[in-house]
2 protein chains.
Amino acid sequence: MLGSGVMAGKIDLTDAYELVDRDGRSVRDELERIGYRGEMRCEPRPMRAYLELHIEQGPLLEEAGIELGIVEGIVGISWTRITLEGIQDHAGPTPMRSRRDALLTAADIVRAVREIPRTVSRNMVGTVGALTTFPNIPNAIPGHVTMSVDLRDPRAENVERALELLDEAVQAAADREGTVATVEHYWRVPPTPFDPAVVHACERAANALGASYMRMHSGAGHDAQYMAAICPTAMIFVPSTQGRSHCEEEFTAMESVEMGANALLLAAAELAGEHELG
Amino acid sequence: MLGSGVMAGKIDLTDAYELVDRDGRSVRDELERIGYRGEMRCEPRPMRAYLELHIEQGPLLEEAGIELGIVEGIVGISWTRITLEGIQDHAGPTPMRSRRDALLTAADIVRAVREIPRTVSRNMVGTVGALTTFPNIPNAIPGHVTMSVDLRDPRAENVERALELLDEAVQAAADREGTVATVEHYWRVPPTPFDPAVVHACERAANALGASYMRMHSGAGHDAQYMAAICPTAMIFVPSTQGRSHCEEEFTAMESVEMGANALLLAAAELAGEHELG
């Protein structure tokens, strides 16, 4: 999302150029090396619409046996970092009743993050993806744990409500064990609604193809998220086998790819005024 | 416990010499460098008794306001490695109901390890000290977790019972989430009972000093654990402030150290036949 981020003014051009990979190679140098550092400035300009075709990266289309997803917007995302301080002690001589085990508190928070979406909204997801334990050896009670919480929902007020429930659950878990929790809600992306007219053009394209489709939200970020800030935007999804993505199992059948490409073509042609859909 | 392990024949002398630290320095070379690689063979020989004075490393003596611990034996220890395989997926587009989150299963096991000692024995302890999550990034559902379980009790049958309960809890947690658990009970040390006559000599020494004392088990391993295999053995504990050990907060008051040293002296003198205690 680096190019769209710079074009939409969300990422500074110099910052983008100076990003380096693990081997220290910069974006600027690599663009020059492959001949992709062009002359045209990467900045907003008059655009009729932005359309993006993508695999769903989730299982909903495949499960429902539906050919296309017409994407109405991208969910809001909130990232939280939780630091837990217990007391590191020897696993042998420390009785159960004396323990302040940071990993026990973390386990209760993992369980709470599973429960929160259930009470807030059927579209919400909540994930503890990262969890690191110190000193991380079998015979020491963990004195320190850091963990991440990722919460997403199409509605900003649902994300707010989930964060309140998370704060309460963290405090309750820490109080039960006598540990100290520090909670940082350090990154937030509000929900990105797409342009109703462009969404509607995608829907008409699906109808013109005789494709089955459903309206849905994207749970992942895409270039369309930045582009929606500077021009009318929508997305089309095709099914992902078992919802898998960013792994070797990622797969979308060629007929699904073709259906998606045809929907993209028809919607783009209509938006460009080249073709009228019913 | 390297020296006692070699003397008791539990650790091979060559293996001990060839151990290296993080910088690659071997035990053999370092012993030679500091002049501690002596001529006498490190092997069992006729010994009247082995006595060891140590800080408790737990809070029991301090909490009870008691001056000395007369140690009757060392608990049995069991180490288990659990590997959990879920499905790594994107944290955004994967609905809650479709997830097979290895960290959810791990959290349920952490909670079970806290509960098991309660149902088995008041002297039992159970600890998840190590837990590692993959890929360990905020926006991926953990597909893989490894974790350790340390269980200890003075009675071997209690450790057995706890391991049965652990196996059941792991299977139940994995079934709930649809993950696959592999459980390896890879290391076991049976309980080490000390010699009743040597324990009694320590008790008489405490009485002779007018010290308050309690009989107890050691939850941690000590040289005495290996030495008990080759000669009559017991230990004396002095209080640890807040039970802390192997950290900067470790502290035992000088009067406690003195009381422990005097008890050790009197017990050793009696066992050597130099002094008769009442």
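The values are calculated or read from the model by the stated rules, or taken from the named source; none is laboratory data. The model shown is predicted, which means the values in this text are computed figures rather than measured ones. Counting neighbours? That spans all protein chains shown, and the Cβs are built from the backbone with ideal geometry, glycine included. For accessibility, only protein heavy atoms count, side chains too; no ligands or nucleic acids. Shrake-Rupley method; radii C 1.70, N 1.55, O 1.52, S 1.80 Å.
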TODO: With the condition kept exactly as written, say whether any residue in region A:77-84 is away from chain B (no Cβ under 12 Å), small (Gly, Ala, Ser), out of contact with any Cys (no Cβ under 7 Å at 6 or more places or on another chain) and over 30 Å from A:Ile141 (Cβ atoms).
DONE: no
Task: Considering residues of region A:126-146 that are assigned to a strand (DSSP E or B) and open to solvent by 10 Å² or more (accessible area, probe 1.4 Å) only, the residue nearest to the other protein chains (Cβ to nearest Cβ) - done: A:Thr132
TODO: Report yes if some residue within region A:152-170 is within 11 Å of chain B (Cβ to nearest Cβ) and under 16 Å from the mean Cα position of the chain (by Cα); otherwise report no.
DONE: yes
Open item on the list: within 10 Å of another protein chain (Cβ to nearest Cβ) and modelled with pLDDT of 95 or more: is that true of A:Asp101 in this structure?
Closed with: yes
Task: The one condition in (1) within 23 Å of B:Gly129 (Cα to Cα); (2) of a type outside the set (Asp, Glu); (3) assigned to a helix (DSSP H, G or I); (4) open to solvent by less than 10 Å² (accessible area, probe 1.4 Å) that A:Leu84 fails to fulfil - done: (3)
TODO: Within region B:49-58, identify whether any single residue is touching a residue at least 24 places away in the same chain (Cβ under 8 Å), facing chain A (nearest Cβ under 10 Å) and either on the phi > 0 side of the Ramachandran plot or among the charged types (D, E, K, R) (or both), and answer yes or no.
DONE: yes
Task: Close pairs (7 angstrom Cβ cut-off, 6 or more residues apart or separate chains): of a type in the set (Phe, Trp, Tyr) in region A:1-22, in a loop (DSSP other than H, G, I, E, B) anywhere - done: none
- [ ] Restrict the check to region B:10-33 and report whether at least one residue is at pLDDT 95 or above, within 14 Å of another protein chain (Cβ to nearest Cβ), closer than 27 Å to B:Met235 by Cα and not in a loop (DSSP other than H, G, I, E, B).
- [x] no
Task: Long-range neighbours under 7 Å by Cβ, at least six apart or interchain, first residue in contact (Cβ under 8 Å) with a residue 60 or more places away in the chain within region A:172-186, second open to solvent by 40 Å² or more (accessible area, probe 1.4 Å) and in a strand (DSSP E or B) - done: A:Ala174/A:Val180; A:Thr179/A:Glu85; A:Val180/A:Glu85; A:Glu184/A:Arg81; A:Tyr186/A:Trp79; A:Tyr186/A:Arg81
Open item on the list: Here is a check on your reading of the model: is B:Val75 surrounded by 24 or more Cβ atoms within 10 Å (Cβ to Cβ), within 16 Å of A:Ile109 (Cα to Cα) and of a type in the set (A, V, I, L, M)?
Closed with: no
Open item on the list: Being at pLDDT 95 or above, farther than 24 Å from A:Glu177 by Cβ and open to solvent by 30 Å² or more (accessible area, probe 1.4 Å) narrows it down to one residue among B:Glu52, B:Glu43, B:Glu67, B:Glu115; which is it?
Closed with: B:Glu67
Task: Cross-chain or 6+ apart pairs with Cβ under 6 Å, region B:245-266 first and open to solvent by 40 Å² or more (accessible area, probe 1.4 Å), then assigned to a helix (DSSP H, G or I) and aliphatic (A, V, I, L, M) - done: B:Asn262/B:Leu209
Task: Test for B:Glu164: is it surrounded by fewer than 16 Cβ atoms within 10 Å (Cβ to Cβ) and assigned to a strand (DSSP E or B) - done: no
TODO: All but one of (1) more than 7 Å from chain A (Cβ to nearest Cβ); (2) buried (at least 19 other Cβ atoms within 10 Å of the Cβ) hold for B:Asn123, so report the exception by its number.
DONE: (2)
Task: Residues satisfying the stated conditions in region B:251-278, i.e. farther than 17 Å from B:Glu67 by Cα and in contact with a strand residue (DSSP E or B) (Cβ under 7 Å, 6 or more places away or on another chain) - done: B:Ala268
Open item on the list: Criterion first (facing chain B (nearest Cβ under 9 Å), open to solvent by less than 10 Å² (accessible area, probe 1.4 Å), farther than 30 Å from A:Leu60 by Cβ and small (Gly, Ala, Ser)) does A:Ala174 satisfy it?
Closed with: no
Open item on the list: When you scan region A:102-123, do you find a residue that is closer than 19 Å to B:Ala140 by Cα, without any contact (Cβ under 8 Å) to a residue 12 or more places away in the chain, outside any loop (DSSP other than H, G, I, E, B) and not charged (D, E, K, R), even just one?
Closed with: yes
